[in-house]
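Student: First the structure, which I've put down as structure tokens, then a few questions once you've had a look.
What follows draws every value from the coordinates through simple rules; no lab data is involved. In this text the structure is predicted, and so the values were computed from the model without any measurement. FYI the Cβ positions are ideal-geometry reconstructions off the backbone, even for glycines, and counts take in every protein chain you see.
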Amino acid sequence: MKTRLTSINLLDELAQPEFAELFAELIPRSYPKSSLIYAPGHDRDLVFIVRQGRVRIYLSLEDKEFSLATLEPGDIYTTHTRAHAMAMDNVELLVMPTEKFFHYILKHPALSRTIMSILGDLLKQSFSIIDSLVFKDICQRLTDFFVYEALQNGQAGQAGIRLNLDLTMEQLAAVVGSSRQTVSTIVNDMQHAKVLLKEGRGVYLVPNIEMLKAHCQS
């Protein structure tokens with residue numbers, strides 16, 4: 001299960017001289033860890049770029065939450081959706097009214113192409129989330145998450161691939177759309193099977209990636 005919205009870092013794009021005017025108009029805002037940044041029905045239509053920290057984007061339906069993406073520095077999103085945005089760390093955003101932002105985009109075709117690429121990644125991510133929720137059980141979704149993080153962000157060593165997720169069990173459960181108790185049970189099963197070793201808070205070791213991939217099928 002992929003959680004990163006896109007591989008494109010918009011901060012790198014905006015650091016170019018031709019976008020200096022736009023960058024100067026972005027308003028910095030800070031939010032403490034675990035705070036709700038935006039919710040559906042927000043009174044202003046804004047575009048925001050993550051400058052520091054991570055932001056969880058999720059849907060809340062009755063008593064369940066379904067994570068759509070984890071925004072990291074350089075990612076862009078908007079308040080004009082049905083999703084919630086929550087600070088996973090101490091977060092700094094760069095904010096601008098959507099209408100004003102797209103006015104700048106119209107003047108800079110190169111930036112427009114970058115935004116279209118990001119929107120394309122978002123659409124693919126949405127289909128991936130739907131596919132995972134409909135066709136995969138919790139064990140497989142959790143396995144997919146660990147495999148993706150190991151391959152994309154893990155540090156390979158002689159003992160395996162080490163992951164520093166910096167996620168509590170509750171946050172991990174929210175990412176895969178399950179309860180803390182269920183995810184904790186599955187992680188314990190993975191540890192007993194020695195396909196995943198927990199080394200500390202949010203730190204895991206994957207000794208063999210192929211064994212982890214096959215865990216839920218055994």
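Student: With only alpha-carbon pairs counted, each pair once and no self-pairs, how large is the Kirkwood hydrodynamic radius of region 10-135 in angstroms?
Tutor: 15.3
Student: Here is a further query. Grab the other residues whose beta carbon is less than 11 angstrom from that of E170, score K and R as +1, D and E as -1, and report the net.
Tutor: 0
Student: Okay, next question. How big is D, in µm² s⁻¹, for region 138-217 by Stokes-Einstein at 4 °C and 1.567 mPa s if Rh is the Kirkwood radius over C-alpha pairs?
Tutor: It diffuses with D of about 105 µm²/s by this estimate.
Student: Starting from a Cα-only point model with no solvent, please compute log10 I(q)/I(0) by Debye for the chain at q = 0.10, 0.13, 0.15, 0.18 1/Å.
Tutor: With no solvent term, the Cα-only Debye profile gives -0.49, -0.79, -1.00, -1.30.
Student: Quick one: which residues, 5+ away or cross-chain, put their amide H under 5 Å from the amide H of A69? H built at 1.01 Å from N.
Tutor: Here the answer is I57, since their amide H atoms fall under 5 Å of that of A69.
Student: Return the sequence-ordered ³J(HN,Hα) values of region 9-16 in whole Hz as given by the Karplus equation 6.51 cos²θ - 1.76 cosθ + 1.60 applied to θ = phi - 60°, using x for Gly and Pro.
Tutor: Couplings: 9, 5, 4, 5, 5, 6, 6, 6 Hz.
Student: Explain nothing, just compute: Karplus ³J(HN,Hα) = 6.51 cos²θ - 1.76 cosθ + 1.60, θ = phi - 60°, for every residue of region 205-216 in order, whole Hz, x for Gly and Pro.
Tutor: Those phi angles translate into 10, 9, x, 9, 5, 5, 5, 5, 4, 8, 4, 6 Hz.
Student: Taking K and R as +1 and D and E as -1, what net charge do the other residues with C-beta under 9 Å from the C-beta of L93 add up to?
Tutor: Result for the local shell: +1.
Student: Now for a separate question. Between beta-carbons, use under 11 Å as the cut-off and find the net charge around F19, counting Lys and Arg +1, Asp and Glu -1.
Tutor: -4
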